[in-house]
């Protein structure tokens, strides 16, 4: 199996003009001489973003200062509890994640996902015009230009003068 990091060192990747997911998939599949690399593109339709934060907060407590920790351990014998450490040498700290014991039972039974769907804002008009005017010229294929940096449908924003 080819590690993705190793793929980027391959000449096929370094010498390729990749501006779309389809071309990236093709390079990955062609990177192994024995044909073992198989790139599967998931969810070819629209990607659905859900409000996981709000939904999970109904059942679980947040880990305070989570970015301070590097080591996390879960144990099936202690469901709803996480063991954390700041460094490999620091002491274990156990935190109860589950809000209430009944929440763990409810959560296991439901096996649901958040109903609330989030719609990403998309690229700002400034960013769309930047890609069109500054990046598009570096893409060789007209087809790739139109897929990666199409002409924006929104009016070009006025540049503020000081």
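Values computed for the structure shown
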quantity	calculated
Residue list for region 135-159, filter: assigned to a loop (DSSP other than H, G, I, E, B) and without any contact (Cβ under 8 Å) to a residue 40 or more places away in the chain	149, 150, 151, 152, 153, 154, 155, 156, 157, 158, 159
Criterion violated by residue 86 - all others in (1) at pLDDT 90 or above; (2) out of contact with any helix residue (DSSP H, G or I) (no Cβ under 8 Å at 6 or more places or on another chain); (3) surrounded by fewer than 14 Cβ atoms within 10 Å (Cβ to Cβ) satisfied	(2)
Long-range neighbours under 7 Å by Cβ, at least six apart or interchain, first residue in contact (Cβ under 8 Å) with a residue 12 or more places away in the chain within region 116-134, second loosely packed, with under 11 Cβ neighbours inside 10 Å	117/48
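The values are calculated or read from the model by the stated rules, or taken from the named source; none is laboratory data. Model, not experiment: these values are computed from the prediction. Using ideal geometry, Cβ is built from the backbone for each residue, glycine included, and neighbour counts are taken over all protein chains shown.
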